[in-house]
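Worksheet for the structure shown next.
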C-alpha cells in the first residue's frame with residue numbers, strides 16, 4: 001500500500017441520523033447528527049476535528065469506527081469499504097483502528113487491574129501467555145507509566161494516568177489509526193500538555209495516524225496537521241492547521257478562536273467585555289434533547 | 001476596612017484507610033469586598049477542599065477542619081450548624097463544576113431556585129418562583145419563563161450552568177465561591193459563562209473565590225491569584241504579578257502549559273513533568289522540588305511564604321489600575337528574583 | 001401517552017391469551033386429569049362417564065372446549081367442575097380476605113422497610129445502634145431469602161396462637177362484621193408475609209440513601225442553605241425512593257396475584273390464593289384458569305402503573321412503547 005496515493009481513512013458523503021423523542025408531547029423528529037461529511041486522513045497524518053458539543057464530531061468518528069451505522073455515504077479504511085464489512089472483516093479493521101475516549105474512568109473496567117485491561121487486547125493480537133508480562137511492561141513504559149501501575153485498579157490512578165492506560169490499551173493492538181475522542185478535555189491543563197506530548201512521541205515512533213476530536217482549537221492546533229471545523233453536522237472549514245487558526249474563513253471558526261481565553265490579563269479583560277455583549281450567539285440551540293456532550297445519542 | 005473573608009492557617013484532614021491525609025496544610029488568605037480571588041492548582045492541590053471547608057461542605061465524619069475563617073467578622077470554622085446554614089446560599093453562595101450532577105435531576109429548575117430563596121427569605125412559594133424567574137433572566141437564560149419548568153436533563157451544559165449561577169445569585173450573596181465553574185463546558189460556552197460572571201459581578205459587586213486548574217481562565221476575571229500545590233500556597237499576588245512576574249517555578253509551569261492560539265505551533269507543548277506527590281507522603285521542604293528542574297540543595301529546607309520579589313529590591317510589578325487593593329506578592333521559592341527571571345524564560349515565553 | 005396506553009392494552013390481551021392457552025393445555029395433558037371421570041364421581045361406570053363427557057362437551061376438539069370456556073368466563077357463567085358453583089362469584093367472596101392480607105402486608109413492608117432503611121443510613125456511622133440495626137436487617141434479609149413464608153407462619157401460629165393464645169388460630173373475619181376480630185386475625189398473616197421482605201427493602205433503601213448522600217446535588221442542596229431535614233427529605237429520600245417504589249409495585253402485584261397463596265393456606269383465610277390451591281389439588285380447571293388470568297392481568301396492570309408512577313417521580317424515565 002502506498003502511503004501517498006491512497007488515503008488511510010476516507011469518509012465520503014457520510015450522513016448519520018438519530019430519531020430523537022421529545023419528552024412531553026412525544027413529538028418524534030429526526031436529527032441529522034452528521035450531514036454529508038467527506039474527509040480523508042492520510043497515512044502518518046493527524047486530522048483535528050473541532051466544534052462545539054452537539055456539532056456531530058463524536059458521532060462522526062464513532063461512525064468511522066463503525067460503532068454506529070450511517071444512513072448513507074461510505075467509510076473506507078486502507079482502501080476497503082467498511083460500511084458494508086462483515087463482522088469478521090470488521091474485527092480485523094478494528095484491530096488496525098483504535099478508539100480512545102474522553103472519560104477514561106468510564107472507559108476502563110473498574111474491576112480489573114491495569115495489567116488485565118492490557119492483557120485482553122494483547123492476547124487478541126496473538127501474544128503468547130509467557131510473553132504477556134513482558135509485553136505489558138513494554139506498553140506501560142511506552143505510555144510513561146511505571147511497572148507497578150500495572151497492579152493498580154483504574155480508580156487508584158489519576159486522570160492523566162488513566163488516560164495513558166486508555167492509550168496503551170489502544171496501542172496494544174498495534175493499530176495504524178488512532179481515533180481520539182476529546183482525549184484531554186477532562187484533564188488538568190498541566191496534564192493535558194503531558195498527554196499531547198505523549199501522543200506526539202507515539203505518532204513519531206510508530207508512524208501512527210490520528211483523528212483528534214476536541215472542542216478547544218488551542219489544543220487541536222498544536223497536535224494536528226490539518227483541521228476540520230464542524231458545525232451542525234457539517235464540515236464548515238477544512239485546511240492546514242496553521243492556516244485555519246491564523247486566517248479562519250468561516251464565522252464558526254472565528255467564534256471558536258475568539259472563545260479561547262488569552263493568557264494576558266489586559267487582553268482577557270477586553271475580550272470578556274466583548275463576549276458579554278455577544279452572548280447567546282451559539283448556546284441558544286438548547287432546551288431539548290441534549291444530554292451531556294449533546295453530540296452522542298443516548 | 002476589614003476584609004470580607006479572612007482565612008488563617010486553614011487545615012483540612014481526611015481519615016483514609018491508609019491513614020490520615022492532609023488535603024489542606026495551613027492556608028491563609030483574605031478576600032476583600034467585591035474582589036475576585038482565583039485559587040489555581042492541579043487536581044489534588046487542595047484548592048477545592050479549601051473552598052468547601054469554608055462552608056463545611058467537605059462532608060463526612062472522616063473530615064476534620066481546623067484553623068480560622070472569619071466572614072464579615074464572624075467565625076465560620078466550627079460554627080454551629082444552624083448559623084452555618086444561614087450563611088450558606090444567602091451570604092456565601094456556591095457554583096460547582098458539573099452543573100448536570102450538581103442539580104437535582106428530578107426537580108424542576110424553577111423549584112430548585114425557589115427552594116433556596118425560601119430557605120432564607122420568608123416569602124410565599126409564588127413570590128419565590130417569581131424571584132427565581134427574575135434570577136434566571138438576569139443570568140442570561142433565554143426564555144426564562146419556559147425554562148422554569150425544565151428539568152436539568154432538558155437543558156444544555158451552558159444553560160444548566162446559567163441555572164446554577166441564577167441560583168447562586170438569587171439571594172444576593174456577598175461572596176460567591178465558584179469551584180471550576182467552566183471546566184465541564186465547551187470553550188465557546190466557557191467564554192460566555194465567564195463573561196456572564198464578569199457582568200454579574202460588576203452589577204452586584206459580589207466578591208468571588210474562583211477555583212480552577214486553568215490559569216488561562218483567571219486572566220480576565222481575577223484581581224488576585226493564589227497558586228496552590230500539594231495543599232500549600234506556593235505563590236500569591238495580583239493577576240498582573242502572577243502573569244508577568246511569576247516567582248515560583250510551579251506557576252511558570254502552569255503558565256507554560258496553557259495551549260496558546262498565538263505564537264509558534266509546536267508538536268510538543270511545555271508541560272510540568274511527573275505528578276503531584278502523594279498526600280500521604282509529602283516531601284520535606286518545597287513540595288514541588290521533585291518535579292522542579294531548577295531544584296537545588298536548599299529546596300529540602302522548610303520554606304516560608306514570603307515577599308521575596310520586592311525584598312530583593314527588584315521593584316516588582318507596577319501598581320495596577322483595577323485591583324481594589326494592591327497586595328504583596330508572596331512566594332515559597334528560595335531562588336533569587338534575578339535567577340528566577342533568567343530561568344523562567346523558555347523559548348521566549350514563561351515556562352518550566 | 002396514547003401510544004403507550006394502546007401498546008400496553010395490546011400487550012395485556014396478548015399475555016392473557018397466551019397464558020390462558022398455556023394453562024388450558026397443561027391441564028389437558030396432565031395425567032389423571034380427565035374432568036369427566038372426576039365429575040362423574042368415584043363409583044361411576046363407563047356409561048355414566050361417557051354421558052358426563054357428552055353433557056359437558058369434553059368430547060369436542062380442544063379448541064372448541066377452550067373457546068367455550070373463554071366465552072363462559074367473559075360472560076360470567078363459568079362453573080367449577082368439583083363444586084359446580086359459579087367461579088366468579090366464589091372469587092368475589094374470597095377477594096376481601098386476599099385484599100386484606102396483601103394490602104396490609106404490602107403497606108407494612110413498605111413503611112417499615114423505609115423507616116428501618118432510613119434509620120440504618122442515618123444513625124451515627126459505626127455507632128452501637130447502627131451496628132445493631134445492621135445485624136438485625138442483615139439477619140432479616142437472609143431469613144427472607146432462605147425461609148419459606150409458610151414455615152414462619154406455622155411457627156408464629158404454634159407459639160403465639162396455640163401455646164400462648166395471644167392470637168386466634170387462623171381464619172378470617174370480615175372487616176365489616178367485627179373490625180377488632182378482623183385485626184387480630186390479620187396480624188399474624190401480615191407479619192409472616194411482610195417481615196421477610198422488610199429486611200430486603202430496608203437494606204436496598206439504605207444502600208440507595210448512602211449512594212445519594214454522596215451525589216453532588218446533595219452537596220448543592222446543603223450549599224443552598226437548606227436545613228438538614230429538608231436536604232434529607234426533599235433531596236436524599238425523595239430520590240432514593242424511586243427504585244423502591246418501582247420494586248414495591250411489582251412485588252405487591254406478585255403477592256396479590258398468588259404470592260400470598262401459602263400464607264392464606266397456613267392461616268386458613270379462605271382467600272383467592274387458598275381457592276387456587278384447592279382447585280389445583282382437584283385439577284379443577286375453570287377456577288385455575290380464571291385465577292391465572294386474573295393474576296396475569298394484575299401483574300400487567302401493576303407493572304403499567306409502576307411505569308407511570310416511575311415516570312412521574314423521575315422525569316428522565318420515559319414511557320416507551
**Message:** Given the range C:1-85, report the % of alpha carbon pairs whose separation exceeds 19 Å.
**Reply:** 50
**Request:** Quick one: order B:48, B:172 by neighbouring beta-carbon count within 10 Å, fewest to most.
**Result:** B:172, B:48
**Message:** Can you tell me the convex hull volume per residue for the range B:164-297, based on C-alpha atoms, in Å³ to the nearest whole number?
**Reply:** 151
**Message:** Pairwise over distinct Cα atoms, reciprocal of the mean inverse distance: report the Kirkwood radius of the range B:88-246 in Å, one decimal place.
**Reply:** 16.2
**Asked** Taking the Cβ-Cβ separation of residue B:244 and residue C:233 as r and a Förster radius of 51 Å, what is the calculated FRET efficiency to the nearest 0.05?
**Response** 0.45
**Item:** Radius, Kirkwood style, for the range B:114-194 when every pair of distinct Cα atoms is counted (Å)
**Value:** 13.2
**DSSP beta bridges in the range B:151-255 [antiparallel fraction, %, rounded to 5]** = 55
**Kirkwood Rh and Cα Rg combined as Rg/Rh, the range A:62-130** = 1.04
**Request:** Whole Å is fine, so just give me how far the alpha carbon centre of the range C:273-313 lies from that of the range C:174-204.
**Result:** 20
**Prompt:** Can you give me the Cα centroid spacing of the range B:23-57 and the range A:221-235 in angstrom?
**Reply:** 37
**Item:** Residue with peak Gaussian network fluctuation, chain A [Cα springs, cutoff 10 Å], from A:127, A:223, A:165
**Value:** A:127
**Message:** Suppose we look only past 13 Å in the calculated P(r) of the range C:97-141. What percent of the Cα-Cα pairs does that tail hold?
**Reply:** 60
**Asked** Angle between the Cα long axis of helix B:157-169 and the longest principal axis of chain B, 0 to 90 degrees, nearest 10?
**Response** 80
**Item:** Pairwise label distance in nanometres, residue B:64 with residue A:133, each label 7 Å out on the Cα-Cβ vector
**Value:** 4.4
**Request:** Output the Cα-based Rg and Dmax of chain A in Å, rounding Rg to one decimal and Dmax to a whole number.
**Result:** 19.9, 64
**Prompt:** If you take the Cα atoms of the protein assembly as shown, find Rg, then find the Kirkwood Rh from the mean of 1/r over all pairs, what is Rg/Rh?
**Reply:** 1.06
**Request:** State, as an integer percentage, the relative contact order of the range B:222-290 based on alpha-carbon contacts under 8 Å between residues 6 or more apart.
**Result:** 28
**Contour minus Cα-Cα distance for residue A:173 and residue A:30 (0.36 nm per residue)** = 47.8 nm
**Prompt:** How do A:250, B:153 rank when sorted from fewest to most other Cβ atoms within 10 Å of their own Cβ?
**Reply:** A:250, B:153
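With r as the distance between the Cβ atoms of residue C:13 and residue C:54 and R0 = 30 Å, compute the FRET efficiency 1/(1 + (r/R0)^6) and round to 0.05.
0.35
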**Request:** Using only alpha carbons, build the gyration tensor for the range C:217-321 and give me the equivalent ellipsoid semi-axes, biggest first, whole Å.
**Result:** 42, 17, 6
**Item:** Which of C:180, B:252, C:190 has the fewest Cβ neighbours within 10 Å, and the rest in rising order
**Value:** C:180, C:190, B:252
**Message:** Using a 7 Å offset from the Cα along the Cα-to-Cβ direction at both residue A:254 and residue C:278, what is the distance between the two label points in nm, to one decimal?
**Reply:** 8.8
**Message:** If you average the alpha carbon positions of the range B:124-152 and of the range A:171-187, how far apart do those two centres end up, in angstrom?
**Reply:** 42
**Fill in**
Bridge orientation stat for chain B from DSSP, antiparallel percent rounded to 5, came to 60
**Request:** Could you quote the convex hull projected area for the range A:79-215, Cα atoms only and averaged over all directions, in nm²?
**Result:** 8.8
**Request:** Report the relative contact order of chain C, percent, no decimals, based on alpha-carbon pairs under 8 angstrom and at least 6 residues apart.
**Result:** 26
**Request:** May I ask for the Kirkwood hydrodynamic radius of chain C, worked out over all distinct Cα pairs and given in angstroms to one decimal?
**Result:** 22.7
**Complete:** Once both label points are put 7 Å beyond Cα along the C-beta direction, the residue C:103-residue C:175 separation in nm becomes 0.4
**Message:** Given R₀ = 56 Å, what would the calculated FRET efficiency be for residue B:203 paired with residue A:116, taking r from the Cβ atoms and rounding to 0.05?
**Reply:** 0.55
**Asked** Per-residue mean of other chain beta-carbon atoms within 10 angstrom of the beta-carbon, peptide B:116-124?
**Response** 2
**Complete:** Note: A:180-191 gets an average of partner chain Cβ contacts (10 Å, Cβ to Cβ) equal to 6
**Asked** Going out from 0 in 5 Å bins, what whole percent of all Cα-Cα distances in the range A:1-146 drops into each bin?
**Response** 2, 7, 14, 16, 16, 15, 13, 9, 5, 2, 1, 0
**Request:** From other protein chains only, count the Cβ atoms within 10 Å of every residue's Cβ in B:193-201, then give the mean.
**Result:** 4
**Request:** Counting only C-alpha contacts under 8 Å and six or more residues apart, can you give the relative contact order of the range A:83-221 as a whole percent?
**Result:** 31
**Asked** When the convex hull of the C-alpha atoms of chain B is computed, what volume per residue in Å³ does it have?
**Response** 153
**Complete:** In whole percents, the bins of 5 Å from zero upward hold the Cα-Cα pairs of the range C:141-253 as 2, 10, 15, 14, 12, 12, 10, 9, 7, 5, 3, 0
**Item:** the range B:60-153: proportion of alpha-carbon pairs further apart than 21 angstrom, %
**Value:** 45
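All of the numbers you see were taken from the coordinates with simple rules; none came from a lab. Quantities reported herein were computed from a predicted structural model and do not represent experimental measurements. Reconstructed Cβ throughout: ideal geometry from the backbone, glycine too, with neighbour counts over all protein chains shown.
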